[in-house]
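K.L.:
Pasting a structure below so you can have a look.
The values are calculated or read from the model by the stated rules, or taken from the named source; none is laboratory data. On a predicted model such as this, the values are computed, not experimentally measured, just so you know. Counting neighbours? That spans all protein chains shown, and the Cβs are built from the backbone with ideal geometry, glycine included.
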Amino acid sequence: MINLTIDDRNIEATEGLTILQVARRENIYIPTLCHHDALEPSGACRLCTVEVTVGKRTRFVTACNYVIMDGMDVKTTSHEVTEVRKMILELLLARCPGVKAIKDLAKSYGVERPRFELENETCILCGLCVRVCAEIVGARAINLVSRGVDARIDTPFHLPSEVCIGCGACAAICPTGSIQLKYTEDKVEIKPFNTVVDLRKCVSCGKHLASEEQLSLVSGKLGRLGGLVLLCGDCKRQKESVALADGARFLKNT
């Protein structure tokens, strides 16, 4: 076990945990934008910066991917930490002035008008969409392309992706709403990635359900229950209701 201090609280934690994991367990708030518990941490947004002292050395680190050490002293709300986060939020607000999640978070730190030139972006390049596509879905349909001020998340050469399965995980995990799914009767378009995926129909009612690739992926993970993915939500519930009713009648007659 590791003994450390966070905001003057003596804490005992399991070796190998990160500062963010321990802080959340102890209900100590550290803001994040690029972190999700299901994904490997990356420290991309730097918003979880904290002040760490070990021995005589003090430094600023990202809590999401910094592993705890015995005797470590962590400050999450010191003046210096707050100033670092305010600067990060000011830069993010200048990049994405119309994004509500950024505006709300910046306001909580007293940042309402950035000093920098305003842009018209919605993506903060946190990389959550890239990581969920690679680590969870396994498609690797998108990535960070270009460098510097031209950096963006996109498909290779901004061409329609041949490996995207249209699952929408990228849109679901995006903290700013930059990725949008546009459904038509038999297709889903993933914006801004210039990709359109055909949807398969529910085998029971004929309602468009999901892409062939997505259904195959989920079916493979479910094993003998894989056939359920071919049904829409309404048909699944109807099938379950019939099964429950049959079971009740069987118990009543035995």
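K.L.:
What do you reckon, is LYS103 free of Cβ contacts under 8 Å to residues at least 24 places away in the same chain, in contact with a helix residue (DSSP H, G or I) (Cβ under 7 Å, 6 or more places away or on another chain), surrounded by fewer than 20 Cβ atoms within 10 Å (Cβ to Cβ) and on the phi < 0 side of the Ramachandran plot?
P.N.:
yes
K.L.:
Sticking with this one: Please pick out the residue among ARG131, ARG140 that is within 30 Å of SER216 (Cα to Cα), in a loop (DSSP other than H, G, I, E, B), modelled with pLDDT of 95 or more and of a type in the set (D, E, K, R).
P.N.:
Step by step, each of ARG131, ARG140 is checked, and only ARG140 is within 30 Å of SER216 (Cα to Cα), in a loop (DSSP other than H, G, I, E, B), modelled with pLDDT of 95 or more and of a type in the set (D, E, K, R).
K.L.:
From the set of residues in the range 152-179 that are assigned to a loop (DSSP other than H, G, I, E, B) and among the β-branched types (Val, Ile, Thr), which is nearest to ASN194 (Cα to Cα)?
P.N.:
So the residue we want is THR155.
K.L.:
Could you list, in sequence order, all residues of the range 6-38 that are more than 30 Å from LYS107 (Cβ to Cβ) and hydroxyl-bearing (Ser, Thr, Tyr)?
P.N.:
The answer is THR14, and nothing else.
K.L.:
Is it the case, given these coordinates, that GLU117 is over 17 Å from THR32 (Cβ atoms), surrounded by fewer than 12 Cβ atoms within 10 Å (Cβ to Cβ) and touching a residue at least 12 places away in the same chain (Cβ under 8 Å)? Show your work before the answer.
P.N.:
Values: over 17 Å from THR32 (Cβ atoms): yes; surrounded by fewer than 12 Cβ atoms within 10 Å (Cβ to Cβ): yes; touching a residue at least 12 places away in the same chain (Cβ under 8 Å): yes.
Yes; evaluated as a whole, the condition is true for this residue.
K.L.:
Restricted to the range 197-211, and to residues that are within 23 Å of SER161 (Cβ to Cβ) and charged (D, E, K, R), which residue is surrounded by the fewest Cβ atoms within 10 Å (Cβ to Cβ)?
P.N.:
Of the residues in the range 197-211, the ones within 23 Å of SER161 (Cβ to Cβ) are 197-201, 208-211.
Next, from what is left, pick out any that are charged (D, E, K, R): 198, 200-201.
Working: ASP198: 12, ARG200: 17, LYS201: 14.
Among them, the one singled out is ASP198.
K.L.:
Any residue in the range 49-68 that's farther than 9 Å from LEU20 by Cα: show its pairings with residues that are outside any strand (DSSP E or B) and of a type in the set (S, T, N, Q) at Cβ separation under 7 Å, as long as the two are six or more apart or on different chains.
P.N.:
Matching pairs, first to second residue: VAL50/THR76; GLU51/SER78.
K.L.:
Do you know which residues across the range 26-41 are farther than 25 Å from ASN143 by Cβ and surrounded by 21 or more Cβ atoms within 10 Å (Cβ to Cβ)?
P.N.:
Within the range 26-41, just ILE30 meets the criteria.
K.L.:
I need the full set of residues from the range 47-83 which are hydroxyl-bearing (Ser, Thr, Tyr) and buried (at least 19 other Cβ atoms within 10 Å of the Cβ), in order please. Please lay out each step first, then the result.
P.N.:
Of all residues in the range 47-83, those hydroxyl-bearing (Ser, Thr, Tyr) come to 49, 53, 58, 62, 66, 76-78, 82.
THR49, THR62, TYR66, THR76, listed by residue number.
K.L.:
Which one is nearest to the chain's Cα centre (by Cα), of the residues in the range 82-100 that are in contact (Cβ under 8 Å) with a residue 24 or more places away in the chain and not in a helix (DSSP H, G or I)?
P.N.:
VAL99
K.L.:
From the list ALA44, ALA13, ALA94, ALA23, which one is surrounded by 15 or more Cβ atoms within 10 Å (Cβ to Cβ) and touching a Cys at 6+ places or on another chain (Cβ under 6 Å)?
P.N.:
ALA44
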